[in-house]
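Report on the structure given below.
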Amino acid sequence: MAKTLVTRLLAPGLILAGLLLLATGCTSDDPSAVGSGQQDLSFDLVVQPLKADQTDGFAALEIQDEKIPVSQQQVMYLGFQGGTSSSILVNFSFDDLYSDEFPEEIFTAENIKSVKLSLVKLDFYGNGGNFPSGEPPSFYYTFKELDAPFDTTAVPGPVPPASPVELIRNPRDFADGKEPNIPLFESDFLGWLAEGGQRGFVLSADVGSDAALVGFCGREFLRYNELADLGVGTIVAPNLQVEFNEGVVLADTTAVLLIPPYADSSTFDEIGEAPAEPGDGFIVRTGLRSYPAFRFDFSGLPANAFINRAVLSVTNDTLTSYGNRHSLVVCELPVEAFTEPADTLSLTDLGDQVYVITGQTSLEPATDRDIRFNVTQAVQRLANGVYEGERALVITAGEDFAPLYDQGTIDPEFYYSQFNFMGFAAPDTLDRPHLEITYSLSGLVGEGSK
């Protein structure tokens, strides 16, 4: 006996359609926990993608970490890549710098050998990261004084107004390496010291710099295992280093005055937008979190269907994705948690509402292309109406609410990375997001030949 049955399952931008083949044979065995014995009955459902205008529900969720604003992130980003650009803002105080070790009388043009702005790159970027060249990116830096110290509540946002005067001694020389030291004019420093008070500055990547977003240590930095070996006494945040000439009498003749900032931050003055339509693609972004959510409609499944296996496949565009490795996690999320086409959630609210299904660790944005998630449990629950109301799937990074996929002490705001996934209108059907589902029909068991 042979029977043919066609059914459908709507997903974001796709319809799942398949031919169900019923094999003849003994069907007297009782159904197992997941359906009938596979030797008697097996059905395969193969994904057929549709255009994005038939999406059943999609949102690019912008996630805000209310506990760690941008001005308190451990890492600051400089440069431009993938539609995102950022400068570094830093505020210094020039009050109360004199001490027994550095008395006022030694601060003269004759005594000062050099003044430098010192930075520390994260080891990932100093070693070349996963940039196509395999080499650390290089910058031509510009360093200018702001009209006023920057406001830590105004970031991310435009670069504040600044003087056009360049403070770097030779702005067309680039300071490379893991600990760039950028030479400043001694006369500028002596002027700031004489006037005292607080001053703000902006460090930017100038024309001719490599296209890259590079992470530098901020004043909140704590994860020293992400750095190369440092010298004793190194201040990792952007700091002013004042070196004195030989023969200047100091309490410690090897001392160099190090002036740390009292505030610093990335600007993220331009942020690449997540596609609003799933046909155009979708992103998972860390640093400034953006997570895609999809709503599924399982009304097309037969009432007596048992889901045996379900796999979600997505294709990462490795030519445009960038940043350090991350975990990717698939969770269930109530559809009430988002509106279309996008919405903003706090990280706490997201963690309170998701149910973690599965994930993968140590995925490289620039190399891992075809990524698959076993979402069988979620499809079983959603298709069988376990919940009241509708549920969606959301792809996140390895947050604290997913401890199996939370990679140590580094949270997703630490590294700014982006996975750019192919959309439901991708030219190659194999690149389009799709589900692969196998299910059984329990109601047909026992109706075959004895």
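Summarise the accessible area of segment 317-401 (1.4 Å probe, protein heavy atoms) by the percent that is carbon and sulfur.
Working: 1560 of 3680 Å².
Result for segment 317-401: 42 percent of the exposed heavy-atom area is carbon or sulfur.
What is the dipole size for segment 46-156, taken about its Cα centre, with +1 at each Lys and Arg Cβ and -1 at each Asp and Glu Cβ, in debye to the nearest 20? Write down the numbers at each step before the final one.
Numbers: 6 positive and 17 negative charges, 145 e Å.
Its charge dipole is roughly 700 debye.
Considering only DSSP states other than H, G, I, E and B, which chymotrypsin sites (Phe, Trp or Tyr not before Pro) in segment 335-392 qualify as loop sites with at most 15 other Cβ atoms within 10 Å? Please list the in-between numbers first.
On the way: sites: F338, Y355, F373, Y387; in loops: F338, Y387.
When the chymotrypsin sites (Phe, Trp or Tyr not before Pro) of segment 335-392 are filtered for loop state and at most 15 Cβ neighbours within 10 Å, Y387 remain.
Counting only other residues whose beta carbon sits under 9 Å from that of F139, what net charge do I get with K and R as +1, D and E as -1?
Values: positive: none; negative: D176, D206, D210.
With Lys, Arg at +1 and Asp, Glu at -1, the neighbours total -3.
Please list, in order, the residues from segment 153-181 whose amide nitrogen is less than 12 Å from a point placed 7 Å along the Cα→Cβ vector of V256.
179-181, by backbone N distance to the label point.
So which trypsin sites (Lys or Arg not before Pro) in segment 126-233 end up in coil per DSSP with only 12 or fewer other C-beta atoms within 10 Å?
Details: sites: K144, R169, R172, K178, R199, R219, R223; in loops: R169, R172, K178, R219, R223.
Counting only loop positions with at most 12 other Cβ atoms within 10 Å, the trypsin sites (Lys or Arg not before Pro) in segment 126-233 are R172.
With every protein chain left in place, what is the accessible area per residue of segment 256-414 in square angstrom, probe 1.4 Å?
The answer is 39 Å² per residue.
The values are calculated or read from the model by the stated rules, or taken from the named source; none is laboratory data. Keep in mind that what you see is a predicted model, and the values were worked out from it rather than measured. A quick note on method: Cβ atoms are made from the backbone with ideal geometry, for glycine too, and the neighbour counts reach across all protein chains shown. Just so you know, the surface numbers come from the protein's heavy atoms only, side chains and all, with ligands and any DNA or RNA stripped out. Shrake-Rupley method; radii C 1.70, N 1.55, O 1.52, S 1.80 Å.
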